[in-house]
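Computed from the coordinates by the stated procedures, all read-outs in this text should not be read as laboratory data. Here the structure is a predicted model, which is why all the values come from computation and not from measurement. Glycine gets a Cβ as well: all are built from the backbone with ideal geometry, and neighbour counts include every protein chain shown.
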Amino acid sequence: MDQETLPVTFTSSLERVRTDRQRKIISKVLDRDTTVMIEDPLENDMVLNMGPQHPATHGVLRVLIRMDGETVVKCIPELGYLHRGYEKLAENMTYHEFIPHTDRLDYLAPMSNNTAITMAVEKAAGLEVPERAQWIRMLVCEMARISSHLLAMGATCMDVGALTVFLWTFGEREKMYDLFEQICGARFTTSYTRIGGVSNDIDDNVLRQIRDFVSKFPAELTKCEAMVNRNRIFVDRMAGIGYITPEQAISLGLTGPCIRGSGIAHDLRRDNPYMFYDKMDFDVITHNDGDCWARYKVRLVEMRESVKIIHQVLDMMTPGPVLANDPQLVLPRKGEIYTRMEELINDFMLVNFGTMPEPGETYCAIEAPKGELGFYIVSDGSGYPWKLKIRSPSSSNLQALKLMAEGSMISDVVAIIGSIDPVMGEADK
C-alpha cells in the first residue's frame, strides 16, 4: 500500500512528523554559535593509500601518497605486511631444512635463491663443490634470470595497459617451467641445490632441449619487443618517468637492473666472480637515462646476455659428480645409506643435527635477477645458524620508490613500481 492509498488522517500525520523532525534539526543547527565553512577541494592535498591490497603493487605493499591534484607530493612505501619472519625461522632449523624456504623468497627465481643459500653454507663450512655441479648451478641461475625478466617485462607492460605482451612472456616462461620440471621434478618451488652440489644430474636429452629453447628464444623476444618498443603510448608512459641519478642510486644501495639503469656497471658476476663466471664472455648491460624505460631496456638486453652465457655453459660443461663426497658435511646418496653403515650414521647425524660450520661470520652473495642476493651467517658451531640475515634486492630497491615517485603523476606510480620489479616475498623476509 503506497502513500496515495493511505487514509487522509494518516498521511497528514506522516507529513507532520517529517516536518517536526526537520524543524528540530534546523533549530539545532541555528542554535550553534559556529560558522559553516565550505572549502575548495582543489586548494587542499589529498592523502591516498595504494595497497596493501592493490593488485598493481606486485605483492602486499602499501604506498602512502600525498596528492596535489594528480601530482605526487610525497610518497612513503611501507613494507612488512606479510609478516614472514624467515630470518628468525632459520635460527630454528638446520641449514639443509632452510633450503625450501628460500624458494619462497623471490619466488620468480627459486633456482637463484637455492644457489645463494647453499654457497653461503659451503663458504662457512669450507666445502669444495664439484665442477659439474657448479656448471649446472650457473645454467639454472641464468635460466632463472630469463624467467624472472620475462615476467618483469610482461608485468610492466600490463601495468601500463599492454596486456598482449604479458600473455606472450608468460607463454615463454611456461616453456622454461617445463624444463625446470624435467631438471628437478618441480616447476615453481624447486629446492634443487644441496649443500655440496645439486640434488641430481641433468640428462643429456634435457640439455639438448635447453639448447633448443635458447636457440629459438631470441626470435620470440624480438616479437615481444616489436609489440611495445615503438608504441607511442608505452614509450610515453615509461620514458622520463621515475628518474633517479647515479649518485642517488649508489647512496641508496640500489642493485641489479635498478642501479645499472642509472649507468652504474655493477654486476657481481663481473666484479666479484663466483663459480665460473670469470670464464664467460658476456656484457654488463647499463643504460644512462635512469628512468623506467632504462630499467626496462636493461632487463630486455640482459635476457640476450643470459642466452649467450647458457650456450657457453652447455659447450664447456664437463662430466663428473654433482655432489661433494664429504660425509661429515654433505648428505650421502640413498643407495649408500641403504648399503653402508658409515653413511647411515652420517645421514642420521646430518638430518638430526645438521651441517656444522666452524664458529664465525660469513657473507656470500650472488647476482640474482633483481640484484645482489646475499646471506650473512653467524655460526656458533652447531647445525643451526645463530643468526641468518638475508640481503634481499627487492627490499633495498624499494627505498628508491620515494625519490622516483615524488613529482610524478598518480598514474606513473604503478609504472615506477613495475620498473623496480619487487617481489614482496623477499622484501618482507
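Observations on the model:
- Unit charges on C-beta of K, R, D, E only; dipole of the chain, Debye: 600 debye
- Annotation: amide H-H contacts under 5 Å for GLU372 (H modelled 1.01 Å from N, sequence separation of 5 or more, or interchain): GLY256.
- Euclidean distance between Cα centres, region 385-403 to region 91-133, Å: 18 Å
- Candidates per GluC sites (Glu not before Pro) in region 119-165, loop by DSSP, up to 13 other Cβ within 10 Å: GLU128
- Among (1) 41; (2) 36; (3) 57, the entry that matches percent of Cα pairs over 34 Å apart as calculated here: (1)
- Kirkwood hydrodynamic radius over Cα pairs of region 72-176, then Stokes diffusion coefficient at 10 °C and 1.306 mPa s, in µm²/s: 97 µm²/s
- Over the chain, dividing the summed -39,500 (n - 2.57) contributions of all DSSP H runs of at least 4 residues by the number of residues returns a 222 nm mean residue ellipticity of -15500 deg cm²/dmol.
- Residue among LEU207, LEU150, LEU300 with the largest mean-square fluctuation in a Gaussian network model of the chain, springs linking Cα atoms under 10 Å: LEU207
- Taking other Cβ atoms within 10 Å as a rough exposure proxy, ASP326, ASP203 sort from fewest to most as ASP203, ASP326.
- Qualifying chymotrypsin sites (Phe, Trp or Tyr not before Pro) for region 105-194 [loop in DSSP, other Cβ within 10 Å: at most 12]: PHE188
- Once you reduce region 173-213 and region 286-312 to the center of their Cα atoms, the two points are 24 Å from each other.
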